[in-house]
Structure formats: structure tokens, C-alpha cells
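Chemist: The structure that follows is given in the form of C-alpha cells.
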Amino acid sequence: MLHTDGAPVTKVGGKSLWPIQCTLVEILPPLRDFMDATMVLGAWLGGTHPSRDLLWSKIVEQIHELFKTGITITADDGEKVMFAIRAQLVTFDLPALAQDCNIIQFNGYDACSDCDIHGIAIERQVFYPFSKLPSTPKTDRDYMTFSLQKSMVKSIKGIKGPTPLTRILIFPDQIAKDYTHLVCSGHFKTLITYWERILLPGVFDQGSNYLISIILPHSFKYQFMPLIQYHQWKTKMVRLEYLYIN
Ligand SMILES: [Zn+2]
């Protein structure tokens, strides 16, 4: 399982470190996320986004090679054990997803990595209208063919160009969804804005009081804020709030 994220390492000069990490899915959680068990396959340090090809192409090439050869480990008694290697999925946050997969940003038109739904702009935000009929799914073939098409348009169905990742992963099935940002801090925040407008006065306050009455364990290192101040919530709070309300 591959993972990449942009973690700011220093505020001076605004440099960020973009590591590519790898975890072994065969190791059960939480052990697989322990420092001893994760691998760093590569990293990019810079003030700008990493170059997609520089960051991924050599790593992808080696992983692709391992698909064919596997890894053979010789035990102390001389016995050889062969391990087959497969990539199960890759996880990104939303900006890294668009950058690394060479697709449209999450706030643009045709931003769904899974289907052909087309967004419409209302004021300055792009909305995806509800439809009883699901849109046509995007396929791995779409990602392969549209990314290679040399055309004057910036993107076809949100696909802007090639990415090394199509060599080792089936698009879009093996690209994980960033639930925290898409649902918890994205859609859920929009919902609260609607609720604030449509709910009777007092209902919002009651919800607020309920949330404030909850005492979170000290390991969370924060407590809930009143619903009224939802503009100031951090993503992790919105996520938990969302889970509580449901
Ligand atoms: Zn979709």
C-alpha cells in the first residue's frame, strides 16, 4: 500500500517534504503503521510541488520489476522463501491526488476520479447535481487513452495527461478516496451551512449544547467547539463531529 502527502518540514522558505511511504498490508494494523514496519521509497524536498515523473518513475519501475520477480529471502537455515509482490492501493490527500494522478483538482469540473459526472458552477463553487441515474464510470482504459491524446484542450473527462502510476495500479479502483477531506470537511461543512439557514432558531443551539456536553478523552488533546463557530473547526474536529451526529 503506497502513500504520499505534503508535510511542511520548515516554515523558512516554505519548503515541504513529500515522502512516498509504503506499508505492508499483510501486517495487521496498528503494527503496520509503526515506524519500524513502514518503508520510505522516496522523498522530494522543495518549495514547489514535486515533479510527478521525477518523484514516481524510478519507484514505479522498480515496483513493476518486483511484480515479475518477487522478493526471495534466505532464512538462517538456508531455506529460501519467495514473496509475491502486488500493489493494493495508493492513498493521497486531495491536492496530491490531482497532482500525482495528473487529473483535475477536486474543486474543478469533471473532478470525480470514478465517473463522468459533470459539475456546474454556482457562484464561485462547482456543484455536482443529484441524478437518479449514475454517471458512466471511468475505466482504466479511459485513463490510458485520454492521457495520451494530444489535443488542444487541457483535459478530457478531467484527465490531464499521463502518470507513471498507471503502470502499477488499476485506475481508478486502486486510488483510495480521501474520506476525511471529501466528506467530513467538504460535504459536511456545506451541510452545516444549510442547516444554519433552514433550522428553526434554537435547534442549532441545542445541537451545540449537546456537543459541548461531550467530554472527549484527554488523548484527543481538544474538546468540541460550539456548532455556531463551525467556520473555525479543524478538519479532525469536523470528522469526529460528523461521526457523533450520525
Ligand atoms: Zn463520480
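Chemist: In Å, what Rg and Dmax follow from the Cα atoms of region 66-193?
Modeler: Rg and Dmax of region 66-193, Cα atoms, are 19.0, 69 Å.
Chemist: Within a 10 angstrom radius of the beta carbon, how do Met35, Met1, Met144 rank from fewest other beta carbons to most?
Modeler: By the 10 Å Cβ count, ascending: Met35, Met144, Met1.
Chemist: Hey, fewest Cβ within 10 Å first, where do Ser185, Ser135 land in order?
Modeler: Neighbour counts put them in this order, fewest first: Ser135, Ser185.
Chemist: Just to compare against my own numbers: the Cα pair-distance distribution for the chain, 5 Å bins, whole % per bin, please.
Modeler: Percent of pairs per bin, in order: 1, 5, 10, 13, 14, 15, 13, 11, 8, 5, 3, 1, 1, 0, 0.
Chemist: Specify whether the C-alpha gyration tensor of region 179-245 places it in the rounded, prolate or oblate class, a ≥ b ≥ c being the square roots of the eigenvalues: rounded for a/c under 1.5, otherwise prolate if a/b is larger than b/c and oblate if not.
Modeler: Here region 179-245 falls in the oblate category.
Chemist: Going by Cα centres, region 93-118 and region 127-180 are how many Å apart?
Modeler: 8 Å
Chemist: While we're on this one: On a 27 Å Cα-Cα criterion, which of the cross-link pairs Lys160/Lys234; Lys189/Lys221; Lys132/Lys189; Lys58/Lys150 come out too long?
Modeler: Violating the 27 Å limit, Cα to Cα: Lys160/Lys234.
Chemist: Taking the number of other C-beta atoms within 10 Å as the exposure measure, put Tyr230, Tyr222, Tyr210 in order starting with the fewest. Display every interim value, and only then the final one.
Modeler: On the way: Tyr230 19, Tyr222 10, Tyr210 13.
By the 10 Å Cβ count, ascending: Tyr222, Tyr210, Tyr230.
Chemist: Using a cut-off of 17 Å between alpha-carbon atoms, which aspartates and glutamates can reach Lys15, once sequence neighbours fewer than 8 places away in the same chain are excluded?
Modeler: Here the aspartates and glutamates satisfying the reach criterion relative to Lys15 are Asp5.
Chemist: Give the residue list of trypsin sites (Lys or Arg not before Pro) in region 2-91 that are DSSP loop and have at most 12 other beta-carbon atoms within 10 angstrom.
Modeler: Lys11, Arg86
Chemist: Continuing with this model, one more query. Calculate the FRET efficiency for His118 and Lys80 from the Cβ-Cβ distance with a Förster distance of 35 Å, rounded to the nearest 0.05.
Modeler: Once the sixth-power term is evaluated, E becomes 0.05.
Chemist: Starting from the 7 Å offset along Cα-to-Cβ, what nm value, one decimal, do you get for the label separation of Gln105 and Gln229?
Modeler: 2.9 nm
Chemist: Using helices alone, I'd like the mean residue ellipticity at 222 nm for the chain: each DSSP H run of four-plus residues gives -39500 (n - 2.57), total over residue count, nearest 500.
Modeler: Calculated from helices alone, the mean residue ellipticity at 222 nm is -8500 deg cm²/dmol.
All of the numbers you see were taken from the coordinates with simple rules; none came from a lab. Keep in mind that this is a model prediction, so the values were computed, not measured. Heads up, the Cβs are rebuilt from the backbone with ideal geometry, glycines too, and the neighbour counts pull from every protein chain shown.
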